[in-house]
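Comments concern the structure below.
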């Protein structure tokens, strides 16, 4: 449904299963370290959320989001059936279609689902708890209240996004359900205590509400009224499109005139939808448009009441037509909003799909213990930033040395190390060079091992010694470019490479085979001396095994 509505109504054509964010790679690699799920309850905020993410990650990167979108569709169905139970009438199919279109045809909803999956799972449990409460109101059973508490507890340790919705819902029930006020008060009190503890735990294990967070931190929390109003207004502007607001206002107007019970139900759903924006309103540096749709399922619920707010048939069709036009106008507005940002997300998804497909091809065509040097991967989101994912996808024996932009910190993991182009860091032994194109695919014409670039090599010291250079970008101008110095010296245990002379500045060291990357300082005429460092002083002229002169 999500995919079909997006393709039919919009030109964005988002793939529900597409991945792109570094977090998406991390989810797949959560189980790789073998520590088990108990660590989530000891060290992590939102422990049940991470359990769910690990289970989804075990499906692999291509099916990671399948459960997520099933739950997203279930949330719309749960919200619609809750409205049915409240009004005691069956909602017409066309009303549900209009409602679903408003929720799912918003491309930011699909971005939100992938960026904030824990909120989706949390909302499912919350809506189920509301259904259980309605069952208790109609016909109380001993298990109803404990079940509500358990569902809210699970939800609270998945995500905090809907805490205001939970509290407000049971507060409304406390006020309106005269015969159930005592149990409503009990549920509200217990749930409030659970949510308070969940917030406290998150503040101790994570940056949420952390006093040491800098004002520039993405999760810096500001509870001042002015900041809250600004955050709420910003997110609200992304949720309450004028055409959608007109449609909902029209429904509530006729509901007030003809059936005040429907008016209060519709108004409560709108208020609950807006309440879903409050937690993110406390994060002034995290007011992205995708988080505005946290309240979509609840805010758009009055659309489900369209057929019932007018008693006569002619009036029903007029109101339905007007609301349908408002719905269509909102969907058209979706397609013209933030085109640049949405195009950027699509570009990241395309890059990720090509990059992972290339890695899978490499996995299938190279030995399990291959070593690689990776260049030209400069996207903010790319799989090599998630060491656990690379280990899951490529196996524990392959190793990747990845040249990253200077703004990315260097690091070393079990199967990857991130280095800067100017660092004289020796890559692990191997001759596989991977150069990625801007779309995430491997560049055409790249082979393993890559071709040798022009250089003058004097290997007269040993007939078996080899010292050569390659360019990360084959065929490019060599002047001032990063180069890769390779060596192979069978029978020698340790070697060193010095620049300009046998006793010159040390460039790299390693075993009998290996490679190291220069910086852009490597100019034509620069000499590299391959020295035997197995015994004694490696800088003596008689220890030279080969000389390489860059051209």
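So if we plug the beta-carbon distance of residue 501 and residue 411 into 1/(1 + (r/R0)^6) with R0 = 45 Å, what FRET efficiency do we get, rounded to 0.05?
Details: r = 33 Å, r/R0 = 0.74.
Efficiency at R0 = 45 Å is approximately 0.85.
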Q | Efficiency of FRET between residue 35 and residue 364 - r from beta-carbon atoms, R0 35 angstrom, step 0.05 | A | 0.75
Q | Segment residue 203-residue 325, length gained on full extension (0.36 nm per residue, minus Cα span) | A | 39.4 nm
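If packing is taken as the average number of other Cβ atoms within 10 Å across a peptide's residues, how do 39-49, 387-397 rank, most packed first?
On the way: 39-49: 17.1, 387-397: 19.8.
Per-residue Cβ counts within 10 Å, averaged per peptide and sorted highest first, yield 387-397, 39-49.
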Q | Residue-averaged 222 nm ellipticity for the chain, from DSSP H runs of 4+ at -39500 (n - 2.57), nearest 500 | A | -15500 deg cm²/dmol
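Per the Kirkwood formula on distinct C-alpha pairs, the Rh of the stretch 259-376 is how many angstrom? Walk me through the numbers on the way to the answer.
Details: mean 1/r = 0.0525 Å⁻¹.
Averaging 1/r across every pair of different Cα atoms and inverting gives 19.0 Å.
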Q) Helix 117-138 versus the longest principal axis of the chain: what angle, 0 to 90°, nearest 10, using Cα atoms? A) 20
Q: Compute the label zone of residue 77 within the stretch 135-167: residues whose backbone N is under 20 Å from the point 7 Å along Cα-to-Cβ.
A: 135
**Q.** residue 230-residue 193 pseudo-label distance in nm [points 7 Å out on the Cα-to-Cβ vector]
**A.** 3.8
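Would you order 165, 377 from fewest to most other beta-carbon atoms within 10 Å of each residue's own beta-carbon? Please report the intermediate quantities before stating the final value.
Details: 165 26, 377 21.
Listing 165, 377 from fewest to most nearby Cβ atoms yields 377, 165.
FRET efficiency for residue 175 and residue 311, Cβ-Cβ distance as r, R0 = 45 Å, nearest 0.05? Provide the component values of the computation, followed by the final result.
Values: r = 28 Å, r/R0 = 0.62.
With a Förster radius of 45 Å, E is 0.95.
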Q: Please work out the C-alpha center-to-center distance from the stretch 147-175 to the stretch 506-551 and express it in whole Å.
A: 65
Q) What ranking do 360, 365 get, fewest neighbouring Cβ atoms within 10 angstrom at the top? A) 365, 360
Q) Hey, rough spin-label estimate for residue 84 and residue 350, points 7 angstrom out along Cα→Cβ, what's it come to in nanometres? A) 4.1
**Q.** Residue order, fewest to most surrounding Cβ atoms within 10 angstrom, among 159, 527
**A.** 527, 159
Q) Using alpha carbons only, how many degrees (0 to 90, rounded to 10) separate the axis of helix 339-365 from the longest principal axis of the chain? A) 50
Q. Using 0.36 nm per residue, how much length does the chain from residue 441 to residue 537 gain when fully extended, once their Cα-Cα distance is taken away?
A. 30.0 nm
Q | Viscosity 1.306 mPa s, 10 °C: Kirkwood-radius Stokes-Einstein D of the chain over Cα pairs, µm²/s | A | 59
Q: Measure nothing but the geometry: give the 0 to 90° angle between the long axis through the Cα atoms of 313-335 and the longest principal axis through the Cα atoms of the chain, rounded to 10°.
A: 20
Q) Can you give the relative contact order of the chain as a percent, counting alpha carbon pairs under 8 Å and 6+ residues apart? A) 13
**Q.** Fraction of the pair-distance distribution of the stretch 206-315 above 17 Å, Cα-Cα pairs, percent
**A.** 59
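Please sort 144-150, 409-415 by packing, taking for each peptide the average over its residues of neighbouring beta carbons within 10 angstrom, highest first. Spell out each step's value before the answer.
Numbers: 144-150: 17.4, 409-415: 13.4.
Per-residue mean Cβ counts within 10 Å order the peptides as 144-150, 409-415.
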**Q.** Globularity ratio of the stretch 37-188, using Cα Rg and 2.2 N^0.38 Å
**A.** 1.14
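Bear in mind these aren't lab numbers, they're just calculated from the coordinates by the rules spelled out. Note that the structure is predicted; figures quoted are calculated from it, not measured. With ideal geometry, Cβ positions are generated from the backbone for all residues, glycine too; neighbour counts draw on all protein chains shown.
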